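Presented below is the structure to which this report refers.
All of the numbers you see were taken from the coordinates with simple rules; none came from a lab. None of the values given here were measured: they were computed from a predicted structure. With ideal geometry, Cβ positions are generated from the backbone for all residues, glycine too; neighbour counts draw on all protein chains shown.
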Amino acid sequence: MQEKKKADGFKYDFTLSEMKVLLFHSKKCPACSGRLTRERTCERVEGRDVNSKSDPFFVQNAQVNHYSFLFRCQSCGRVFTLKELGG
């Protein structure tokens, strides 16, 4: 059995307005006003895939966990991204 290699780094990707929603706003569904529950998703990517000219801090051969957040309504079952709630 092959062991999973531990990630070399991590990355969260959100704007200031999305961070305000994540930390401070009440989590109510925009469609039905039901309660939203937060789910954190993780995707393992290569360091060179998240490199950019504005963010050149990742090593080319590194394994990076890229985290994002989804919000699911308990009443209607709709799923929203942080970008949809923060926009």
Points 7 angstrom from Cα along the Cβ direction at K20 and R38: gap in nanometres?
1.7 nm
Residue-by-residue Karplus 3J(HN,Hα) for region 27-42, coefficients 6.51, -1.76, 1.60, Hz, glycine and proline x
9, 10, 5, x, 7, 10, 6, x, 7, 9, 10, 8, 10, 9, 10, 9
